[in-house]
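A.B. asks: Below you will find the structure I want to go over with you.
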Amino acid sequence: MSSVPKILVVEDDDAIRALLIAALRREPFDVHAAMHGGQALNMTQATDYAVILLDLMMPTLNGIEFLDAFHQASPDSRSVIFVMTAGDDTALRHLSPNVVHGIVRKPFDVPQLVAMVREVALARREQTPESAVDAVVAEAGSEAARADPPN
């Protein structure tokens, strides 16, 4: 695996996508972006991503459709997927914990999201056993839940 973790941001909102790309590029990451699930699916067939930040509500191929297609195409993928959503989607109840590692509520705290991605990507880069990556994801997720952004 490359020494620089590859991160994929899948977001149809131009401003949010640009914000995430700019924030993540301050880290030692190779950041790629897609505007919808169809584009992201093509990119995942050519590249192994350490972390995928995935919006749920997108045109062309939404987040749920992407997850289904991605899991079918790459059932053994080690990519850590964080779903980003603004809604209280009923679809979230149907997300498999084997495919989705965490849910990030919009609006999110950008530095906290970057820190979570950094921890997970670096743990994966070091070839940490799956259980250790899961522990980092669980800890980062619990920190995100404790630090709700101001209303």
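A.B. asks: Within the range 60-151, considering only helices (runs of 4 or more DSSP H) that don't extend past its boundaries, which have at least 3 residues that are modelled with pLDDT under 75, hydrophobic (A, V, I, L, M, F, W, C) and surrounded by fewer than 18 Cβ atoms within 10 Å (Cβ to Cβ)? Break it down stepwise before answering.
C.D. replies: Details: elements: 63-73, 110-125, 130-146.
In the range 60-151, 130-146 are the helices (runs of 4 or more DSSP H) which contain 3 or more residues that are modelled with pLDDT under 75, hydrophobic (A, V, I, L, M, F, W, C) and surrounded by fewer than 18 Cβ atoms within 10 Å (Cβ to Cβ).
A.B. asks: Among the residues of the range 7-28, write down those that are assigned to a loop (DSSP other than H, G, I, E, B) and closer than 22 Å to L67 by Cβ. Quick ask: steps written out before the conclusion?
C.D. replies: Taking the range 7-28 first, the residues assigned to a loop (DSSP other than H, G, I, E, B) are 11-13, 25-28.
Result: E11, D12, D13.
A.B. asks: How many residues does the range 1-21 contain that are touching a strand residue (DSSP E or B) at 6+ places or on another chain (Cβ under 9 Å) and within 17 Å of M84 (Cα to Cα)? Please lay out each step first, then the result.
C.D. replies: Start the filter on the range 1-21 by keeping residues that are touching a strand residue (DSSP E or B) at 6+ places or on another chain (Cβ under 9 Å), which leaves 2, 4-13, 16-18, 20-21.
Keeping just the survivors that are within 17 Å of M84 (Cα to Cα) gives 7-13, 16-18, 20-21.
Residues meeting the conditions: 12.
Residue by residue, here is whether (1) aliphatic (A, V, I, L, M); (2) touching a residue at least 40 places away in the same chain (Cβ under 8 Å) holds:
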residue: I64; (1), (2): yes, no
residue: F70; (1), (2): no, no
residue: S74; (1), (2): no, no
residue: S77; (1), (2): no, no
residue: N98; (1), (2): no, no
residue: G102; (1), (2): no, yes
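A.B. asks: Here is a follow-up. What are the residue pairs meeting all of these: first residue in the range 41-62, first residue within 16 Å of V99 (Cα to Cα), second residue of a type in the set (D, E), Cβ atoms under 8 Å, and 6 or more apart or on different chains?
C.D. replies: L53/E11; D55/E11; D55/D12; D55/D13; L56/D89
A.B. asks: Now, a different point. Six or more apart or on different chains, Cβ under 7 Å: which pairs go from a residue in the range 26-40 that's at negative phi to one that's buried (at least 19 other Cβ atoms within 10 Å of the Cβ) and of a type in the set (F, W, Y)? Could you list them?
C.D. replies: So the pair list comes out as G37/F66; A40/F66.
A.B. asks: Given (1) farther than 22 Å from R124 by Cα; (2) in contact (Cβ under 8 Å) with a residue 24 or more places away in the chain, identify the lone condition not met by V10.
C.D. replies: Here V10 clears every test but (1).
The values are calculated or read from the model by the stated rules, or taken from the named source; none is laboratory data. Model, not experiment: these values are computed from the prediction. In this analysis, Cβ positions are derived from the backbone assuming ideal geometry, glycine residues included, and neighbour counts consider all displayed protein chains.
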